[in-house]
Amino acid sequence: MRHRESTLVLVAGGAGFLGSHLCDRLLAEGHEVVCLDHLGTGRRRNLRHLEREPRFDLVTHDVVQPLPARLRRQRFARIYNLACPASPPHYQADPEHTLLTSVLGTRHLLLAAEESGARLLQASTSEIYGDPEMHPQAEGYWGHVNPTGPRACYDEGKRAAETLCADYARAGRTAVRVARIFNTYGPRMRADDGRVVSNVVCQALAGDDITVYGDGSQTRSFCYVDDLIDGLYRLMEHEAQARDIGAVNLGNPVELTVSDLVRRVLAMTGSSSAVVNHPLPVDDPRRRRPDITRAGEILGWAPRVPLEQGLRATVMWFADEAEDGPRAASR
Ligand code: NAD
Ligand code: UDP
C-alpha cells in the first residue's frame with residue numbers, strides 16, 4: 001500500500017474537514033501535496049500544523065473558475081476532488097454556487113487530470129441516493145432524488161459530477177475513482193456546521209438544548225473520519241485495469257436513530273441538556289445505511305473505529321476547542 005516514490009497530489013477542498021485529514025494522510029504516505037481551496041467552509045486552522053511543511057502548499061482558488069495557470073503547469077499523479085460544502089445549511093446558503101462547484105469544478109479538475117495523465121477521485125455522496133426506497137443502499141441503486149427541492153443543488157450537482165467522471169473515463173480521457181461517502185464525523189468538523197453530530201456534541205457540552213429535527217426516529221450511519229480517509233486512499237491507489245471501476249460506497253453500516261445518537265452523547269458527556277424537537281427539514285431522508293460489500297471485496301476495506309470510540313474522540317476535540325474560545329471551532 002505504501003508508496004516508495006513521491007508523487008504530486010492535488011487535493012481540491014483540502015482545507016475542509018475531510019480534506020485536511022486527507023492532506024495529513026497523503027503527507028504521511030510520503031507524497032507532495034497541493035491543496036486547492038477557496039476557504040469557504042474550509043479553514044486555515046485545519047492546516048496550521050502544515051505551515052512549515054516543505055511538501056505542502058495551499059493555493060486559494062474557487063474551482064468554479066478554470067484552474068490558475070500556475071497549477072496547470074504542474075504534473076499531478078493524483079487529483080482528489082473534495083471541493084464542495086457538505087452540510088445542508090452551508091450548501092443551501094448559495095445553491096447556485098454549490099451546483100456550479102460540483103459541475104464546473106469537477107470539469108476543471110477532470111481537464112487538469114487529463115492534461116497531467118493523473119487519476120482523479122471524486123468525492124461523491126450517499127445523497128445521490130436521495131430519500132432511498134432501497135435499504136441498505138448498494139451502488140447499483142439509481143436513487144430517489146427530488147430534482148428541484150432545497151437539497152437538489154447538492155444532490156443533483158454530485159450526480160452530474162459522477163456523470164462527467166463516467167463520461168471522461170468511458171472516452172478514455174481520465175482514469176477515475178468515485179467514492180460515495182456516507183455521513184462522516186470526527187475532529188475538525190465545524191461547530192457551526194449544522195450537522196447532527198457537531199450540533200449535538202456542542203449543545204451537550206455547552207448545556208444548551210439539544211435540537212432534534214422531527215421525532216428523531218430517522219436513521220443515519222456514522223463513519224469515523226480516520227476510517228473514511230483510509231477508504232479514500234485505498235480506492236485511489238487500487239490498481240484496476242479498467243479506467244473506471246464504478247462507484248464505491250464508503251461508510252459505516254452501523255445504523256442508529258438520531259434519538260439514539262442523542263442518548264449516547266448525553267450519557268458520554270454527562271450533560272443535562274434538554275431535548276427539544278424542531279420541524280423535520282424538507283426532503284430529509286428517512287433512513288440511510290451503506291451496503292459496503294463492494295468496498296470489502298475490491299479494497300479489503302471496512303470501518304474499524306466503533307461509534308463510542310469515535311464519538312469520544314470527537315467530544316474531546318470539541319471540548320478542547322471550546323477551551324480555546326467559544327467560537328474557535330467555527331473559525
Ligand atoms: P467541508 O465543507 O468541510 O469541506 C469542503 C471544502 O471544499 C472546504 O474547504 C471548502 O472551502 C472547499 N470548497 C467548497 N467549494 C469550493 C469551491 N468552489 N472552490 C474551492 N474550494 C471549495 O466538507 P467535508 O465534510 O470535508 O466534505 C468534503 C467532501 O466530501 C465534499 O465534496 C462532500 O460533498 C463530500 N462528502 C462529505 C460527507 C461528510 O459526511 N462529511 C459525506 C458525503 C460526501
Ligand atoms: N438533525 C437533527 N438535529 C440537528 C441537525 C440534524 O435532528 O441539530 C437531523 C437531520 O434532520 C437529519 C440527521 O439529523 O435527519 C442527519 O443530519 P445531518 O445534517 O448531519 O446529515 P444529512 O441529513 O445530510 O445526512
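Some observations on this one:
- Checking each residue of the range 273-290 against the condition of being away from ligand 2 (no atom under 16 Å from the Cβ) and at pLDDT 95 or above gives no match.
- Matching residues in the range 112-145 - criterion: being in a helix (DSSP H, G or I) and either farther than 24 Å from Ala175 by Cβ or polar (S, T, N, Q) (or both): Ser116, Ser126, Glu127, Tyr129
- Residues in the range 261-295 that are in a loop (DSSP other than H, G, I, E, B), under 19 Å from Tyr141 (Cα atoms) and hydrophobic (A, V, I, L, M, F, W, C): 1 in all.
- Hits in the range 73-97 (condition: surrounded by fewer than 14 Cβ atoms within 10 Å (Cβ to Cβ) and either basic (Lys, Arg) or in contact with a Lys or Arg (Cβ under 7 Å, 6 or more places away or on another chain) (or both)): Arg73, Arg75
- Cross-chain or 6+ apart pairs with Cβ under 6 Å, the range 179-194 first and farther than 16 Å from Ala206 by Cβ, then among the basic types (Lys, Arg) and within 12 Å of ligand 2 (Cβ to nearest atom): Asn183/Arg220
- Residues of the range 199-236 satisfying the condition of being surrounded by fewer than 22 Cβ atoms within 10 Å (Cβ to Cβ) and either at pLDDT below 95 or among the small types (Gly, Ala, Ser) (or both): Ala206, Gly207, Gly214, Gly216, Ser217
- Of the residues making up the range 57-109, those that are within 12 Å of ligand 1 (Cβ to nearest atom), more than 17 Å from Ser124 (Cα to Cα) and among the aromatic types (Phe, Trp, Tyr) number 0.
- Matching residues in the range 200-217 - criterion: being within 16 Å of ligand 1 (Cβ to nearest atom) and touching a strand residue (DSSP E or B) at 6+ places or on another chain (Cβ under 7 Å): Val200
- Within the span defined as the range 104-119, one or more residues are under 23 Å from Leu22 (Cα atoms) and basic (Lys, Arg).
- Selection status of Thr106, at pLDDT 95 or above and surrounded by fewer than 24 Cβ atoms within 10 Å (Cβ to Cβ): no
- Listing of strands (runs of 3 or more DSSP E) fully contained in the range 146-254 that carry 1 or more residues being closer than 30 Å to Asp324 by Cα and over 20 Å from the mean Cα position of the chain (by Cα): 210-213
- Identity of the residue in the range 158-198, within 14 Å of ligand 1 (Cβ to nearest atom) and among the polar types (S, T, N, Q), that ends up surrounded by the fewest Cβ atoms within 10 Å (Cβ to Cβ): Asn183
- Which listed residue, of Leu100, Leu10, is crowded, with 21+ Cβ neighbours inside 10 Å and among the hydrophobic types (A, V, I, L, M, F, W, C): Leu10
The values are calculated or read from the model by the stated rules, or taken from the named source; none is laboratory data. These numbers come from a predicted model, not from an experiment. Note: ideal-geometry Cβ built from the backbone for every residue, glycine included; neighbour counts use all protein chains shown.
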